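Worksheet: the structure to be examined is printed underneath.
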Amino acid sequence: MKIVILGCPGAGKGTQAKILCEKYGLAHIATGDIFRAEIGAKTPLGETVADYLRNGTLVPDDVVVKMVANKLDGSAAKGGFVLDGFPRTLEQAQALDEYLKKAGQQIDLVIYINMDENEVLRRLTNRRSCIKCGALYNLMTKAPKTEGKCDLCGGDVIQREDDAEATVKKRLMVYNDLTAPLIAYYRSETAFHEVDGSRPIEEVTQNLISIIDQTRVGQS
């Protein structure tokens, strides 16, 4: 299965992608993870990406497409994958389709996790992450047991720059301007399903599993 998960920042794409990849044995390809790895390693690419993230703007298409293509070429993605955070623009989607077409492949399923922007703002501004192991927390739903310290490794838990309120609002504006057209594109091109991301995590997961299982049956 080759799956794309769409949704605005904070809709739960990463959480659901990890669950689905574990259940179905798929590779989790998340641009956010790739970016943070490059930033953490302080590579030239990481420094460039960090500037875009701090400003709440999208990383240029050519940079993102190249990074994702490198991951898709890896052995881990040969058995199928879930794309999380990519594509984010129509140009990225078209580049992905062209890449897969050359390999005789195509996206099997696109899932759009829809969510009210006020809820997204509430989620993201309360989100915290461990600077050591990357574990995620939310001050409203899953706060660390000891304030400011990670339950898993004891590292410092902080608010990422891209989760500050002003940056989140800008990210949502960018999403609406540049990323929302993907929904119309995939509605006409690919098996497309929409789920309510405001529901509890477990409920969203069950909805996604049902959609994937039905799609697999239809392909068999």
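Bear in mind these aren't lab numbers, they're just calculated from the coordinates by the rules spelled out. Small disclaimer: the values here were computed from a predicted structure and weren't measured. For neighbour counting, all protein chains shown are included, and Cβ atoms are generated from backbone atoms with ideal geometry for every residue, glycine included.
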| remark: Restricting the range 141-194 to residues that are among the hydroxyl-bearing types (Ser, Thr, Tyr) and under 22 Å from residue 61 (Cβ atoms), the one surrounded by the fewest Cβ atoms within 10 Å (Cβ to Cβ) turns out to be 188
| Any residue in the range 52-68 that is charged (D, E, K, R), without any contact (Cβ under 8 Å) to a residue 12 or more places away in the chain and either assigned to a loop (DSSP other than H, G, I, E, B) or within 24 Å of residue 170 (Cα to Cα) (or both)? | yes
| remark: Taking the range 91-136 and the residues there that are loosely packed, with under 13 Cβ neighbours inside 10 Å and not in a loop (DSSP other than H, G, I, E, B), the one that is nearest to the chain's Cα centre (by Cα) would be 118
| message | Among the residues of the range 26-48, are any surrounded by fewer than 18 Cβ atoms within 10 Å (Cβ to Cβ) and over 25 Å from residue 132 (Cα atoms)? | response | no
